Amino acid sequence: MTSTQRQPTQSQPAQGQPTQSRVQDAAQRSVGTASPRIEAWDKVTGRAPYAVDHPVPGAAYAWVVQSTVARGVVVDVDTSRALAEDGVLGVLWHGNAQRLESVGDPELMVLQSARIAYRGQVVAVVVATSPEAARAGADLVRVREDGMTSDTVLRIDHPALYQPVQVNAGYPARSAIGDVDAGLAAAAVRVDATYRTPAEHHCAMEPHATTAFWERGCLVVFDGTQASTAVSETLAGLFELPPQSVRVINEHVGGGFGSKGGPKPNVVLAAMAARLVGRPVKLALTRQQLFAVAGYRTPTIQRVRLGAATNGRLLAIGHDAVSQTSQLSEFVEQSAVLSRHMYAAPNRLTTHRVVALDVPTPVWMRAPGECPGSFALESAIDELASAGNWDPVRLRIDNEPAVHPEEQIPFSSRHLVQCLQEGAERFGWTDASGRVVRDPRPAVRRDGEWLVGTGVAASTYPSLTWPSTALARATADQRFDVEVNAADIGTGARTVLRQIAADALDVPIAYVEITVGDSAIGPATVAGGSMGTASWGWAVTKACRLLRERIERDHGGRVPTGGVAVRADTTLEIRDRPEFSRHAYGAQFCQARVSTMTGEVRVDRLLGVFAAGRIVNPTTARSQFIGGMTMGLSGALLERSVLDSRTGDFVTGDLAAYHVAVSADVPRIEVAWLDEQDPHLNPMGVKGIGEIGIVGTAAAVANAVHHATGIRVRDLPIGLAQMIGKLH
Amino acid sequence: MRVNLTVNGEARQADDVWPGESLLYVLRERLGLPGAKNACEQGECGSCTVYLDGTPVCACLVAAGQAEHRDVRTVEGLPGPDGLDPVQQAFLSAGAVQCGFCTPGLVVAVHDLLARNPTPSDPDIREALAGNLCRCTGYENIVAAVKLAAGA
Amino acid sequence: MKPFAYQRAEAADSAVATISRTGAAYLAGGTNIVDLMKLGVTAPDLLIDVTGLPLRDIEALPDGGMRVGALTANSDLATDPVLRTRFPAVALALLSGASAQLRNRATIGGNLLQRTRCRYFVDVTKSCNKRRPGAGCAAREGEHTDLAILGASEQCVATNPSDLAVALALVDARVELLTEGGPASMSVHEFFRLPGDRPERDTNLPPGALITAVVLPATPIARMSTYRKVRDRSSFAFAAGSVAAALDVRDGVVQDVRLAYGAVAHRPWRAYAAERSLRGAPATVDNFERAADEELAAAKPLRDNGYKVPLIRNLTVGVLRGMTEASW
């Protein structure tokens, strides 16, 4: 159906050896070793094909036209000038686009009606023989819009704020234990503060892009997605095709961070455009277009109230989070959910409220909920420590819960205290005996024009698992092909799954080939929620163990001619897991400096210590932790998407204005992890590490800035404009 | 118009090039060299970094006509006849690759950095690579790769 | 992008003649205009590529000055050893701009002609008097944290984004031109302008003129010059504010001083009032503060860029103090 995208892995089975009489056991475990990244060779040579890198003969190119009003209707689309342009093959708009069947996500019902629900919504698509002809054609499409008054700004007092039933990931919107007001009234030390985090954009390096073509009624797409199973199912639904008639290939994906966690308009539009012009179509959104079309992290406003007794024990925790969604669908960032389990307290209240604005729908962005939520909670804990004159590491340790403080269920494993202790010692916060040697006074450490300080914050992220399928096939005693529709968005999924497969088969890793990134393999879950390794790995483990058992049991330990194959599905195992609170935890330490002359904030040092179950591959894991912490640093100091309330668009919508950390911003980052054994997770004992690194970083930075300067920043990012004029 | 240029040591020709096309488009869509990536098309990310007459530039901002009779070297042209360039090998060894989309541009940028400064300090490296955004790695292993290649 | 024709200039005078006649645009490094053409901000029918013209020489003049061909790459000039000795502020300004890839491609002449990065100028769906005279200024009430506090007008609050221009203003550089009428030259102070009621004009460059060179006149005080650029991102970002300074202190008294500010106005802002205040005065923090306050008395910050006033004040004091201490 297409030239196959499955490339052989780099390590081939040893050639030319005498035929083995049976499958040999592995001499050593593969999990836990720094197995090199399988596809790195393809990437350093520029040969790894991403969504629009595949050579597709006869491809046309699509370019989108976006709405310029935040709310209104498309009155008319004049395509005549565009169609007259050299090279333009066709123009799609709601007047001529094919009808789609609803699959429940209104963002994907592209070009289905005249309604404009946000600025930047796609209102037409031009298809041409070259990208530049398509762009020139798009400039010539005349879209007449009737704009109405729009409401695009999140405010704490917005009259349309409401409490939803559920928030993201299915959590209840509200939780209450005891009486927070009474707990606060009884407290000797209190904090009541409001924190703000801005809208942020993922800025994965690969913009959302799709190559699509139709072949004998089947739809094939190369899509830069974190979830090709979901994309294929969605396309089948939208285009009313049998599921097996859609194939989505995502062999290499240039980052995602949540923005590619589900199908996005680009993949639907590319399929529509390919059908319109009867040839393959490549649609690569520009960086600027992404800011409206590909999702963002909602801004949040969070009030945290803490009350503690004179001994530092928390009596009350209140966390009220406000965020925005669109007029199209309800997305509620779960910002207060982490406050349900981080610390013990008899009186607790968490709430979420949301308002539907004339804006694009927010989406998951690396550690949705925990990332903005930890900025608020972990800053507030630091404020409480200052107010009570307690050491912030000690304060956290003193409020460690024995069981999940709201659900009263056990933790599958929890080593936050150990992370804090280990980190404090490594960072020089405490000495070898555990005594605090950090001077708690703010604004007293000078280094030339700079004020220097240190801060700490805790991290957490849920350890989720979702059903997946995998296929394991033996074709010879030294040749095992394992397939699972994982997406390697840069995490190293391909590499660690091969390690997991080798151990489950109990064979040397060189015997194992792994294939990922193709919906034709069979259903598997998204590369998101830090659950990829756990979910795919479980299916891989099950398939591989069954395969090896079958070889041993039915074939005397020899792979028969014609091979043996086993397909596994983990739906039942995951459904039947006992109830535990499953989370990874960590502690992050930061040293920051602030120029008294310019207000510039720089981070000197970051240390993260994590307890995240078994680490499959130290090299890829370390890079994941550091990458997460760097994105956290970037969010702490730089990232903000500024919305112009008059037009409803993000005016900082490109990489010139939306600044992410460059190499010069990033200091020495140290990462360590505890050897955590947890039998209640999955057969591999892994917790997931893609997101926890970003959780708490911003608070650690803000707390360090406070320690350096005495200035408490509750509104991210922390920039020189907030510092200048307050420093001496 | 027709553009004649040398790419990775070979004389190449692209026909029917529209003046508004960038060198990046010519390489990717007309010459079959998708190694250089388009991630911002305005010089803000470095993903499209290629050598133009021996100097690293953002190919997205070079008008196609400006490449006429020029010498272009892309990531695809770095490996020698006997395998990977030392910079590419260092990226592999140091684990400096994640999603890989920034990698081709970074490899070219590092290749140039080491040609000009064979023993760069940590701040030298971080400043020299500030034009190459990476969203995955936190740059740590990229800096390690530069040092590794420098010592090679 | 609107279709356009592309030509290579064979000679400077014929290029000038064509541009003067047709309203076409010059193309040099392309690091700004190519982006603006993709965005539809500018849409010339014809681009004349001047990169083949022989305007790349860096000459160290015997009198202590320098003459720099307009097509010299920023990176080539920044590393020139004579420049680093005679005009360190210029070298520092160049190195602080953009990224290595862009400095390799961007030219000295093009740098002086780069357009503002105001977010409303680069978005053709927004109102901008600079892009479309009479359309209104969306920045005044919009996102303007990076925009002007000095010399702005009702019509335009844009800032000039160039670091180099600030250092050139410090040393009273001259811009050499080729116009239809022949060679001409103007000082950078005449070259740059405030927006007033003609914000569509970035500079006073005569129509069709080609910048051929930038001359740095012999300036002994420039040997003790510096450039400090401030920004939230450590590198590869335009300035939130910047200061170029040159100072000559003897026996604790300011013999001579020059100050220029960046990212505060539509042009590089030479701080003449502060300089006047300081010449002959004791080199003390109090005097530095007073001088900065005198210069900044005219500042009219917008809703969200008031931070630039204390920033420039602090920078002035901090940089001058650092130079004073270094001169002991």
Count of residues meeting criterion [surrounded by fewer than 22 Cβ atoms within 10 Å (Cβ to Cβ) and touching a Pro at 6+ places or on another chain (Cβ under 8 Å)] in the range A:155-209 = 9
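Do we find that A:GLY557 is within 14 Å of another protein chain (Cβ to nearest Cβ) and under 26 Å from A:VAL507 (Cβ atoms) in this structure? Show your work before the answer.
Working: within 14 Å of another protein chain (Cβ to nearest Cβ): no; under 26 Å from A:VAL507 (Cβ atoms): yes.
Judged against the criteria, A:GLY557 is not a match.
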Assess whether C:ASN305 counts as being farther than 21 Å from C:THR145 by Cβ and of a type in the set (S, T, N, Q).
-> no
Lone unmet requirement of (1) crowded, with 19+ Cβ neighbours inside 10 Å; (2) in contact with an Asp or Glu (Cβ under 7 Å, 6 or more places away or on another chain) for B:ALA36 | (2)
Would you be able to say whether some residue in the range A:270-283 is under 26 Å from A:ASP654 (Cα atoms) and either polar (S, T, N, Q) or not assigned by TED's automatic domain parsing to the domain that holds A:ALA133 (or both)?
-> no
For the range C:85-108, does any single residue satisfy the condition of being surrounded by fewer than 23 Cβ atoms within 10 Å (Cβ to Cβ), farther than 17 Å from B:GLU127 by Cβ, touching a residue at least 24 places away in the same chain (Cβ under 8 Å) and out of contact with any Ser or Thr (no Cβ under 9 Å at 6 or more places or on another chain)?
-> yes
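Looking only at residues that are at the interface with chain C (Cβ under 7 Å from one of its Cβ atoms) and touching a helix residue (DSSP H, G or I) at 6+ places or on another chain (Cβ under 8 Å) in the range B:57-74, which one is surrounded by the most Cβ atoms within 10 Å (Cβ to Cβ)?
Initial filter on the range B:57-74 (at the interface with chain C (Cβ under 7 Å from one of its Cβ atoms)): B:57-58, B:61-63, B:65-66.
From what is left, the residues that are touching a helix residue (DSSP H, G or I) at 6+ places or on another chain (Cβ under 8 Å) are B:57-58, B:61-63, B:66.
Numbers: B:VAL57: 29, B:CYS58: 34, B:LEU61: 27, B:VAL62: 26, B:ALA63: 24, B:GLN66: 27.
Applying the filter and picking the extreme gives B:CYS58.
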What strands (runs of 3 or more DSSP E) lie completely within the range C:212-311 and have 2 or more residues being surrounded by fewer than 17 Cβ atoms within 10 Å (Cβ to Cβ) and modelled with pLDDT under 95?
-> none
Residue tally, condition more than 20 Å from the chain's Cα centre (by Cα) and not hydrophobic (A, V, I, L, M, F, W, C), over the range A:259-287 | 6
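So for the range C:49-70 (the condition being more than 9 Å from chain B (Cβ to nearest Cβ) and part of a helix (DSSP H, G or I)), does at least one residue qualify?
Narrowing the range C:49-70 to residues more than 9 Å from chain B (Cβ to nearest Cβ): C:50, C:52-70.
Subsequent filtering for residues that are part of a helix (DSSP H, G or I) retains none.
No: the range C:49-70 contains no residue that is more than 9 Å from chain B (Cβ to nearest Cβ) and part of a helix (DSSP H, G or I).
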Check the range C:193-202 and report whether any residue there is within 14 Å of chain B (Cβ to nearest Cβ), outside any helix (DSSP H, G or I), under 16 Å from C:ALA265 (Cα atoms) and among the basic types (Lys, Arg).
-> no
Return the only residue of A:ALA672, A:ALA664, A:ALA702, A:ALA698 being closer than 15 Å to A:HIS415 by Cβ and either modelled with pLDDT of 95 or more or crowded, with 20+ Cβ neighbours inside 10 Å (or both).
-> A:ALA672
Test result for A:LEU471, under 22 Å from A:SER335 (Cα atoms) and crowded, with 16+ Cβ neighbours inside 10 Å | no
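Conditions tested, residue by residue: (1) in contact with a Pro (Cβ under 6 Å, 6 or more places away or on another chain); (2) within 14 Å of chain B (Cβ to nearest Cβ).
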residue: A:GLY255; (1), (2): no, yes
residue: A:GLY262; (1), (2): no, no
residue: A:GLY295; (1), (2): no, no
residue: A:PRO299; (1), (2): yes, no
residue: A:GLY307; (1), (2): no, no
residue: A:ILE317; (1), (2): no, no
residue: A:THR325; (1), (2): no, no
Residue among B:GLY105, B:GLY131, B:GLY77 that is within 15 Å of the chain's Cα centre (by Cα) and under 15 Å from A:ASP665 (Cα atoms) | B:GLY131
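Yes or no, residue by residue, for (1) surrounded by fewer than 24 Cβ atoms within 10 Å (Cβ to Cβ); (2) more than 12 Å from B:ALA36 (Cα to Cα); (3) within 10 Å of chain A (Cβ to nearest Cβ); (4) among the small types (Gly, Ala, Ser):
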| residue | (1), (2), (3), (4) |
| --- | --- |
| B:CYS48 | no, no, no, no |
| B:GLY54 | yes, yes, no, yes |
| B:PRO81 | yes, yes, no, no |
| B:PRO86 | yes, yes, no, no |
| B:LEU92 | yes, yes, yes, no |
| B:ALA96 | no, yes, yes, yes |
| B:GLY105 | no, no, yes, yes |
Could you tell me whether the range A:611-618 includes any residue that is under 30 Å from C:LEU147 (Cβ atoms) and not small (Gly, Ala, Ser)?
-> no
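Of these, B:ALA128, B:ALA150, which one is within 14 Å of chain C (Cβ to nearest Cβ) and either in contact with a strand residue (DSSP E or B) (Cβ under 8 Å, 6 or more places away or on another chain) or at pLDDT 95 or above (or both)? Give the derivation first.
Values: B:ALA150 fails: within 14 Å of chain C (Cβ to nearest Cβ).
Exactly one of B:ALA128, B:ALA150 is within 14 Å of chain C (Cβ to nearest Cβ) and either in contact with a strand residue (DSSP E or B) (Cβ under 8 Å, 6 or more places away or on another chain) or at pLDDT 95 or above (or both), namely B:ALA128.
When you go through C:SER20, C:SER75 one by one, which is the residue that is out of contact with any Cys (no Cβ under 8 Å at 6 or more places or on another chain), at pLDDT 95 or above and in a helix (DSSP H, G or I)?
Numbers: C:SER20 fails: at pLDDT 95 or above.
Unique residue meeting the criteria: C:SER75.
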In the range A:422-439, the residues that are surrounded by fewer than 19 Cβ atoms within 10 Å (Cβ to Cβ) and in contact with a helix residue (DSSP H, G or I) (Cβ under 8 Å, 6 or more places away or on another chain) = A:ASP431, A:ALA432, A:GLY434, A:VAL436
Which residues, taken from the range B:16-35, are in a loop (DSSP other than H, G, I, E, B) and at the interface with chain A (Cβ under 7 Å from one of its Cβ atoms)?
-> B:TRP18, B:GLY20, B:GLU21, B:GLY32, B:PRO34, B:GLY35
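What about C:SER14, is it touching a Gly at 6+ places or on another chain (Cβ under 7 Å), assigned to a helix (DSSP H, G or I) and more than 14 Å from every other protein chain (Cβ to nearest Cβ)? Break it down into steps so the answer makes sense when it comes.
Details: touching a Gly at 6+ places or on another chain (Cβ under 7 Å): no; assigned to a helix (DSSP H, G or I): yes; more than 14 Å from every other protein chain (Cβ to nearest Cβ): yes.
So C:SER14 does not fit the description; no.
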Please go through the range A:139-152 and pick out each residue that is surrounded by fewer than 22 Cβ atoms within 10 Å (Cβ to Cβ) and either within 25 Å of B:ALA64 (Cβ to Cβ) or within 14 Å of chain B (Cβ to nearest Cβ) (or both).
-> A:ASP139, A:LEU140
At least 3 residues that are of a type outside the set (Val, Ile, Thr) in each: list the strands (runs of 3 or more DSSP E) lying fully within the range A:122-237 that qualify.
-> A:142-147, A:189-197, A:209-215, A:218-223
When you scan the range C:50-85, how many residues do you find that are farther than 13 Å from C:VAL215 by Cβ and of a type in the set (Gly, Ala, Ser)?
-> 4
Could you grab me the full set of residues in the range A:37-51 that are at the interface with another protein chain (Cβ under 8 Å from one of its Cβ atoms), of a type outside the set (Asp, Glu) and crowded, with 18+ Cβ neighbours inside 10 Å?
-> A:ARG37, A:ALA40, A:TRP41, A:LYS43, A:VAL44, A:THR45, A:GLY46, A:ALA48, A:PRO49, A:TYR50
Do the conditions hold for C:THR31, that is, is it in contact with a Gly (Cβ under 8 Å, 6 or more places away or on another chain), of a type in the set (S, T, N, Q) and over 14 Å from C:ASP123 (Cα atoms)?
-> yes
Answer with yes or no whether A:ALA656 is small (Gly, Ala, Ser), surrounded by fewer than 23 Cβ atoms within 10 Å (Cβ to Cβ), at the interface with chain B (Cβ under 9 Å from one of its Cβ atoms) and assigned to a helix (DSSP H, G or I).
-> no
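The values are calculated or read from the model by the stated rules, or taken from the named source; none is laboratory data. Remember, predicted model here, so these are calculated numbers, not experimental data. Ideal geometry is used to build each Cβ from the backbone, glycine not excepted, and the neighbour counts take in all protein chains shown.
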